[in-house]
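See below for the structure under consideration.
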Amino acid sequence: MFSFSLQNLAYLRNKIYLIKMTDKILIINFEEIYLKGKNQRIFIKQLIRNLKRKLANYKNYLNFSKAHGGSYFIEIVKEIPGESFEKIIDKIKNTPGITGFYVADKAGVTLEEITEKSVAHAKRYSDGFDSFAVIAKRINKAVPFSSMDIARRVGSAIHEKLNKKVDLTHPDFKLYIKVRGDYTLIYSKIIPGIGGLPVGTSGKAIAMLSGGIDSPVATFMAMNRGLHITAAHFHSVPKTSPQSIDKVKMLVKKLTDFQGQIKLYVIPVLEIQQAIAKHTDPRLRLILLRRVMLQIGERLATEEKAKALVTGDSLGQVASQTLENMKATEDATGMLVIRPLVTLDKKFIIETAKKIGTFDISILPHDDACSLFTPKSPETKARLDYVKEQYAKLDVASLIENALQKTETMVISDADNIV
Ligand code: ATP
Ligand code: MG
């Protein structure tokens, strides 16, 4: 789905983890995790923990258990309504760390049943192919037939019943059949996941989330590299409309698709803006406000035990996002400031925003905390010493204390209603 997933790296071991259901099994791949050597177990444990949390609403339907040989099973213990099944699929698809998965049909271990279910599986995709190959493997060697017997029998049944031709070198459609312990898996099409690393495996960060297009994408990308995100939004209500906060809540809700629940801090900055407007050079307004934002972010990070701040800055995108200005902003904090979008093209950022579903929310009209406050000719090449001199004119410590006292905290849940 995303160009930064590692789907095509053939050298990675393609270990599989299984979600077992009444008649269907999801086979999940997580390739990049296998680069992790000894730490693999920690990554997989975190991934399964995240998946369990995201699927908590469906826990009456699911039974998570570890199987022999390092495999992991999530068994569906009772019939699941179709729409809930779709939601489960979506949640798995959007879980960082999962590169892709198959929805496999489950059969017994007789040639008759394997053949019947294989034809039914191929039939579902029959509009999309003319030639096919059967790739059969026995993990359970005790069965009284060989892999070759399976391939031959299933191959001729598909040829006869669906009128398709066998092509072992360049087939349009590959059907995989794996005979495991006391059941067989039949699967074909991979459903791409978003890849990356499980949320939480890289630690915690505070994401500075405006209502714009960029910061939700930056936040998603940070999550997808294993950071557990707490969001911080700065607003200028009542100078701006309260709807601008609702919009950010909608963005955060969308981002819960990836992380699961997200804590959001909503911080008023109108008084800070007024103090900046009153006491400092208008050309530096935005930089000075961003400095305060980063310092507040740092305070929240201490509270949350987070080790970095994430922003949606992108080099040269607007006049204020120059190297000089980013430096003059970042200087206010000793924290690591991560800017996932810094060298990305706007086109790529917009495409990603559309893929993750934040774009349509971001383009809803709103007045943001900064647009009201933007001077006619903002500084594009700020000199750090001058910025510091102007910053010193503010009573930053008490402005920050005040803002923190009026800060609201909420937890946005990813839960949806079971249908
Ligand atoms: P975005 O599309 O994310 O709003 P932008 O291109 O409009 O970004 P700026 O307005 O310069 O760029 O903001 C740069 C970054 O500063 C944002 O991506 C965001 O991380 C942070 N930021 C700006 N305004 C706010 C706000 N009101 N609340 C939280 N963070 C903000
Ligand atoms: Mg913006």
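The values are calculated or read from the model by the stated rules, or taken from the named source; none is laboratory data. All values derive from a computational prediction rather than experimental measurement. Ideal geometry is used to build each Cβ from the backbone, glycine not excepted, and the neighbour counts take in all protein chains shown. Only protein heavy atoms, including side chains, enter the accessible area calculation; ligands, DNA and RNA are left aside. Shrake-Rupley method; radii C 1.70, N 1.55, O 1.52, S 1.80 Å.
With respect to Ala319, is the statement that it is open to solvent by 40 Å² or more (accessible area, probe 1.4 Å) and in contact with a Ser or Thr (Cβ under 7 Å, 6 or more places away or on another chain) true? Lay out the reasoning, then the answer.
On the way: open to solvent by 40 Å² or more (accessible area, probe 1.4 Å): yes; in contact with a Ser or Thr (Cβ under 7 Å, 6 or more places away or on another chain): yes.
Yes: the conditions hold for Ala319.
Looking at (1) without any contact (Cβ under 8 Å) to a residue 24 or more places away in the chain; (2) outside any helix (DSSP H, G or I), which is the only condition Lys354 fails?
Evaluating Lys354 over (1) without any contact (Cβ under 8 Å) to a residue 24 or more places away in the chain; (2) outside any helix (DSSP H, G or I) leaves (2) as the failure.
Any residue in the range 150-179 that is over 14 Å from Ser131 (Cβ atoms) sitting within a Cβ distance under 7 Å of a residue that is open to solvent by less than 30 Å² (accessible area, probe 1.4 Å) and aromatic (Phe, Trp, Tyr)? List the pairs, counting only those 6 or more apart or interchain.
Tyr176/Tyr187
Pull up the range 180-210, narrow it to residues that are farther than 23 Å from Phe132 by Cβ and among the charged types (D, E, K, R), then point me to the one that is nearest to ligand 1 (Cβ to nearest atom).
So, considering only residues that are farther than 23 Å from Phe132 by Cβ and among the charged types (D, E, K, R), the one nearest to ligand 1 (Cβ to nearest atom) is Lys204.
List the pairs whose first member sits in the range 188-211 and is free of Cβ contacts under 8 Å to residues at least 12 places away in the same chain, whose second member is not hydrophobic (A, V, I, L, M, F, W, C), and whose Cβ atoms are under 6 Å apart, counting only residues at least 6 apart or on separate chains?
none
In the list Glu303, Glu330, which residue meets the criterion of being without any contact (Cβ under 8 Å) to a residue 40 or more places away in the chain, buried (at least 19 other Cβ atoms within 10 Å of the Cβ) and more than 16 Å from ligand 2 (Cβ to nearest atom)? Before you say what the answer is, go through the steps one by one.
Numbers: Glu303 fails: buried (at least 19 other Cβ atoms within 10 Å of the Cβ).
Glu330 is the lone residue from the list that is without any contact (Cβ under 8 Å) to a residue 40 or more places away in the chain, buried (at least 19 other Cβ atoms within 10 Å of the Cβ) and more than 16 Å from ligand 2 (Cβ to nearest atom).
Take the range 191-211 and flag every residue that is touching a helix residue (DSSP H, G or I) at 6+ places or on another chain (Cβ under 8 Å) and open to solvent by 20 Å² or more (accessible area, probe 1.4 Å). Give the steps one after another, and end with the answer.
Going residue by residue through the range 191-211, those that are touching a helix residue (DSSP H, G or I) at 6+ places or on another chain (Cβ under 8 Å) are 191-201, 204-211.
Scanning the range 191-211 gives Ile191, Pro192, Gly200, Thr201, Lys204, Met208, Ser210.
Determine the pairs where a residue that is more than 19 Å from Thr409 (Cα to Cα), located within the range 215-231, has a partner that is in a helix (DSSP H, G or I) and within 15 Å of ligand 2 (Cβ to nearest atom) with Cβ atoms under 7 Å apart, the partner being 6 or more residues away or on another chain.
Val217/Ile349; Val217/Ala353
Hey, among Phe258, Phe234, which residue is among the aromatic types (Phe, Trp, Tyr) and within 16 Å of ligand 2 (Cβ to nearest atom)?
Working: Phe258 fails: within 16 Å of ligand 2 (Cβ to nearest atom).
The unique qualifying residue is Phe234.
Any chance you could count how many residues in the range 357-407 are part of a loop (DSSP other than H, G, I, E, B) and over 15 Å from Ile267 (Cβ atoms)?
First, the residues of the range 357-407 that are part of a loop (DSSP other than H, G, I, E, B): 357-358, 363-370, 374-383, 392-395, 406-407.
Those left that are additionally over 15 Å from Ile267 (Cβ atoms): 357-358, 363-367, 374-383, 392-395.
Within the range 357-407, residues that are part of a loop (DSSP other than H, G, I, E, B) and over 15 Å from Ile267 (Cβ atoms) number 21.
Looking at the range 239-260, which of the residues that are touching a helix residue (DSSP H, G or I) at 6+ places or on another chain (Cβ under 8 Å) and not in a helix (DSSP H, G or I) is surrounded by the most Cβ atoms within 10 Å (Cβ to Cβ)? Before you say what the answer is, go through the steps one by one.
Within the range 239-260, the subset touching a helix residue (DSSP H, G or I) at 6+ places or on another chain (Cβ under 8 Å) is 239-240, 247, 250-251, 254-255, 257-260.
Now restrict to residues that are not in a helix (DSSP H, G or I): 239-240, 260.
Values: Lys239: 14, Thr240: 20, Gly260: 25.
Only one residue fits best here, namely Gly260.
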